[in-house]
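Colleague: Handing you a structure now.
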Amino acid sequence: MTDLPIERHDIEGHDGLPIAVHVVGEGRDLVLIHGYFSNAWTNWIRYGHAAALVAAGFRLIMPDLRGHGESGKPHDVAAYQPDALTDDNLALVEQMGLTDYDLGGYSLGARTTVRMLARGATPRRVILAGMGLRGLVQTLDNGGYYRNVLTNLGSFERGSSEWMTEAFLKTTKGDPVALLNILNTFVDTPEDIIAGFQQPTEVICGTDDDSNGNAQELAHILPNGRYVEVPGNHMNAVTRKELGQAMVDFLTA
């Protein structure tokens with residue numbers, strides 16, 4: 001379902017960069033952060049997750065990360081300092097006056113959520129989807145893969161993983177220069193910091209997704225973590241209705 005009455009808001013990122021924020025629904029505030037190469041529409045709206053959450057009584061606040069979607073995509077490397085995505089989303093929480101809210105993300109969005117928690121964000125509940133422990137404590141583990149894709153576009157064998165990643169980049173109309181710079185923003189979060197997060201946390205991952213390490217391992221070290229498996233791999237689990245349903249079930253329990 002994509003015909004939701006979505007409102008676009010613009011906030012200022014930590015350095016004044018315009019950040020597009022898509023808002024829909026009424027009820028409890030839920031901030032959802034999309035993954036790398038993606039955007040709010042592709043991650044949350046296109047496959048019905050937003051509609052399911054709105055129907056469950058939530059007001060969704062879905063930013064496009066800098067370098068993605070409808071947000072600013074500067075090519076200057078200075079716009080991509082370590083933790084820039086975290087700074088932007090902490091600014092979102094402040095500028096939108098959020099005090100009692102839930103927070104979650106998919107892949108890079110989950111990593112950004114963890115960085116926000118490490119930096120003092122205080123959501124009531126947390127969703128970490130498409131993310132394992134390794135992807136948080138060794139954030140550039142996949143960096144070489146993405147750097148290779150972004151610097152060798154058009155050279156990959158049809159059907160290969162790199163070809164599929166490039167195809168996804170085309171569907172989201174991603175900016176390769178901005179996205180390459182995004183790699184500079186990644187910051188590791190030590191395991192002992194993650195193990196200190198007290199919020200009820202649902203770790204959701206595709207059955208065939210080990211792109212960011214072991215998601216069950218992540219759920220296990222969280223004091224109030226639980227693991228939920230949905231069908232699919234890293235690229236297609238986000239398209240499955242089971243992902244949105246798992247989020248609804250957790251947040252309405």
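Colleague: Going through the range 37-92 one residue at a time, which ones are farther than 14 Å from Gly174 by Cβ, among the acidic types (Asp, Glu) and outside any helix (DSSP H, G or I)?
Modeller: Asp76, Asp83
Colleague: Continuing with this model, one more query. Among the candidates Ala51, Ala40, Ala20, which residue alone is under 21 Å from Ile204 (Cβ atoms), among the small types (Gly, Ala, Ser) and within 16 Å of the chain's Cα centre (by Cα)?
Modeller: Ala40
Colleague: Here is a further query. I'm checking my understanding of the structure. Among residues of the range 81-111 that are of a type in the set (Ser, Thr, Tyr) and closer than 14 Å to Thr139 by Cβ, which one is surrounded by the most Cβ atoms within 10 Å (Cβ to Cβ)?
Modeller: Ser107
Each row is one residue, and each column tells you yes or no for (1) closer than 30 Å to Arg124 by Cα; (2) β-branched (Val, Ile, Thr); (3) touching a Phe, Trp or Tyr at 6+ places or on another chain (Cβ under 6 Å); (4) modelled with pLDDT of 95 or more.
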site	(1), (2), (3), (4)
Asn152	no, no, no, yes
Pro190	yes, no, no, yes
Ile193	yes, yes, no, yes
Asp210	yes, no, no, no
Gly232	yes, no, no, yes
Thr239	yes, yes, yes, yes
Gln245	yes, no, no, yes
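Colleague: Restricted to the range 138-177, and to residues that are in a helix (DSSP H, G or I) and among the basic types (Lys, Arg), which residue is nearest to Ala110 (Cα to Cα)?
Modeller: Among those residues, the one meeting the criterion is Arg147.
Colleague: Which is touching a residue at least 12 places away in the same chain (Cβ under 8 Å), in contact with a helix residue (DSSP H, G or I) (Cβ under 6 Å, 6 or more places away or on another chain), surrounded by 15 or more Cβ atoms within 10 Å (Cβ to Cβ) and of a type in the set (Lys, Arg), of Arg125, Arg115?
Modeller: Details: Arg125 fails: in contact with a helix residue (DSSP H, G or I) (Cβ under 6 Å, 6 or more places away or on another chain).
Result of the check over Arg125, Arg115: Arg115.
The values are calculated or read from the model by the stated rules, or taken from the named source; none is laboratory data. This one's a predicted model, so the numbers in the text were calculated from it and none came from an experiment. No Cβ is skipped: glycine too gets one built from the backbone with ideal geometry, and neighbour counts run over all protein chains shown.
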